Amino acid sequence: MGVALASLVACTPGPIDLMVLDMGLDAGDRQQLSRAARPWPLTFAGVPAGWMDGLPASPMPASSYGRLYVSRLAPEATRRILYLDGDILVRRSVLPLLGLDLAGNTVAAVGNSPGSHFGHRSVAGGIPGWREEGIPPAAMVFNSGVMVIDRAAWEARDTTDRVLHTARDLRGPSLWPDQASLNLALWREWLPMDRRWNTHDTDAAIAHFFGPKKPWGPPPVPNRLYVEYQDRAAALGWDIPGRRRLRARFQARELARAVVPPRLLRHRASRVVLGPGYESIP
């Protein structure tokens with residue numbers, strides 16, 4: 001979360017109001033996050049554990065349900081909310097998202113991935129009960145790690161209670177019941193955004209490290225986003241083990257791409273392997 005805050009502040013002309021959903025941070029955590037957000041002010045909104053009662057168990061942390069309550073926790077005057085997961089790196093100003101026309105929709109988000117719709121084999125098992133809800137198989141699924149929320153629409157449509165009701169009535173197990181519930185409840189109420197606002201591709205405006213491979217662990221192949229993330233973490237005083245080696249491997253890979261025809265390059269997990277006539281670059 002410190003990296004998410006520091007990168008947001010560095011990229012976005014501000015200040016804008018920053019709020020962290022607090023589900024068990026200690027005083028040291030809060031102090032560290034406040035330093036990462038400087039010079040912008042940072043507030044902490046407590047999410048009582050009792051608010052999670054009756055919600056289905058998940059492999060994800062219980063805090064993943066906290067996003068469902070963001071409208072109830074934001075300051076009263078807030079009209080537009082940008083929700084961000086903690087495992088992100090902001091690389092462009094987020095002001096375009098705060099001024100985005102949602103065209104009457106409750107939220108704007110990015111489609112989970114190309115071909116990610118309710119009927120897709122990679123999604124169908126993660127969102128139980130979609131057929132019974134009458135949702136067309138071709139309806140797209142969104143990733144809830146980055147969401148632009150129209151607060152007035154969210155509250156007028158009683159969205160928090162609708163999504164919570166959906167979560168408590170899921171018709172089967174899900175790997176990500178919080179996201180499944182949002183998609184079931186809002187499948188006709190979300191605006192697709194450019195994928196650069198929530199992706200782990202190297203052209204990301206907001207890099208989101210969803211999935212098991214996190215930037216605080218070594219990636220299998222040197223990647224620009226992992227290098228940027230680890231450099232940002234080091235600037236906050238958190239030097240991730242292997243950071244310098246990862247940067248050296250990435251720079252060697254970029255050099256090889258610059259001087260060697262792409263058809264001669266083959267990528268391996270631990271090194272860049274060049275075609276005949278060239279030496280391997282560790």
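No lab work stands behind these numbers, since they all come straight from the coordinates. Just so it is clear, the structure is predicted and the values come from calculations on it, not from any experiment. As a convention, Cβ positions derive from the backbone with ideal geometry for all residues, glycine included, and neighbour counts pool all protein chains shown.
Hey, could you pull the Cα Rg and Dmax for the range 35-136, both in Å?
16.9, 49
Would you compute, from DSSP H runs of 4+ residues alone, the mean residue ellipticity of the chain at 222 nm, taking -39500 (n - 2.57) per run and dividing by the full residue count, rounded to the nearest 500?
-8500 deg cm²/dmol
Hey, what's the Cα Rg ratio for the range 184-256 versus the globular rule of thumb, 2.2 N^0.38 Å? Walk me through the numbers before you get to the answer.
On the way: Rg = 15.2 Å, N = 73, 2.2 N^0.38 = 11.2 Å.
Dividing the Cα Rg of the range 184-256 by 2.2 N^0.38 Å gives 1.36.
Set Lys and Arg Cβ to +1 and Asp and Glu Cβ to -1, take the dipole of the chain about its Cα centre, and tell me which of TRP51, TRP197, PRO15 lies farthest positive.
Comparing the listed Cα positions along the dipole, TRP197 ranks first.
Read phi for every residue in the range 52-64 and hand back ³J(HN,Hα) as whole Hz from Karplus 6.51 cos²θ - 1.76 cosθ + 1.60, θ = phi - 60°, with x for Gly and Pro.
8, 4, x, 7, x, 5, 9, x, 7, x, 4, 5, 5
Just want to confirm a number: the relative contact order over the chain, from Cα pairs under 8 angstrom separated by 6+ residues, in percent.
Contact order relative to length: 18 percent.
Are there any trypsin sites (Lys or Arg not before Pro) in the range 125-211 that are in a DSSP loop and have at most 11 other Cβ atoms within 10 Å? List them by number.
Answer by residue number: ARG188.
Please report the antiparallel percentage of the DSSP beta bridges confined to the range 2-197, to the nearest 5.
Values: 10 of 18 bridges.
Taking every DSSP beta bridge within the range 2-197, about 55 percent pair in antiparallel fashion.
Could you work out the mean projected area of the convex hull around the alpha carbons of the range 2-197, in square nanometres to one decimal?
Result: a mean projected hull area of 10.9 nm².
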